[in-house]
Amino acid sequence: MSKAPDEKDISIKIHPIDKEKVLSDYYLSIKDCKKCPLHRTRTNLVFGAGSANADIMFIGEAPGAEEDKQGIPFVGRAGKLLDSILSAAKLRREDVYIANVLKCRPPQNRDPLPSEEQQCLPYLHRQIEIIQPKVICCLGRIAAHALLRIKDKMSDMRGIVHKFHGIPMVVTYHPAALLRNERLKRPLWEDFQFMLELL
Ligand code: URA
């Protein structure tokens, strides 16, 4: 079982009725972020979407063109696929929470730079701390590497319950990988079942 090196328990619990407000206040406090150069090319900072009281939190990589335009995560092609996976798993988008490692779109959808991750990750950490989901699901290698601070292969990260600050975390393929390779559909579905058993 992998452990983040700085793993600590989240000791301050926020009452469920306050979470929406705490989260939206947090959004307002960071929405004009200029900590890294990506603010110059973004249309919108893509904070996250879904329920502040979600049991499941999905973490992707970074906004793409459509997400940047709308300010909402996973609304492009990969997002449509995520929606159909969610509904096949009988999950509603509005009941889970979806966020990304980076809040702003990297040009040409390139991989996040280490410096961008370093600047942006505290935002995601705070979102997780506010929401306190029962399980976190990393969508793809980049989210898993950023949160777990490891560099393992996908095949070594799947099928294991990792922990992020005491919260169970699983890793599966990014929906965009399924768009390129249909054969990943079954393993992703198995990872979803594995995650749901943790609730
Ligand atoms: N890919 C991601 O990782 N995040 C999004 O929001 C959209 C596509």
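Nothing in this text is a laboratory measurement; each read-out follows from the coordinates by a stated rule. Keep in mind that what you see is a predicted model, and the values were worked out from it rather than measured. In this analysis, Cβ positions are derived from the backbone assuming ideal geometry, glycine residues included, and neighbour counts consider all displayed protein chains.
Below are the figures for this structure:
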read-out: Any hit, the range 155-173, residues being of a type in the set (Gly, Ala, Ser), within 12 Å of the ligand (Cβ to nearest atom) and surrounded by fewer than 19 Cβ atoms within 10 Å (Cβ to Cβ); value: no
read-out: Count of residues meeting criterion [part of a loop (DSSP other than H, G, I, E, B) and near the ligand (Cβ under 10 Å from one of its atoms)] in the range 39-93; value: 11
read-out: Considering residues of the range 112-127 that are crowded, with 18+ Cβ neighbours inside 10 Å and within 13 Å of residue 164 (Cβ to Cβ) only, the residue nearest to the chain's Cα centre (by Cα); value: 124
read-out: All positions within the range 141-174 that are part of a helix (DSSP H, G or I) and touching an Asp or Glu at 6+ places or on another chain (Cβ under 9 Å); value: 141, 142, 143, 144, 145, 146
read-out: Members of the range 108-121 that are within 15 Å of the ligand (Cβ to nearest atom), in a helix (DSSP H, G or I) and under 21 Å from residue 30 (Cβ atoms); value: 116, 117, 120, 121
read-out: Hits in the range 133-179 (condition: of a type in the set (S, T, N, Q) and more than 13 Å from the chain's Cα centre (by Cα)); value: 155
read-out: The one condition in (1) in contact (Cβ under 8 Å) with a residue 24 or more places away in the chain; (2) of a type outside the set (Ser, Thr, Tyr); (3) at positive phi that residue 131 fails to fulfil; value: (3)
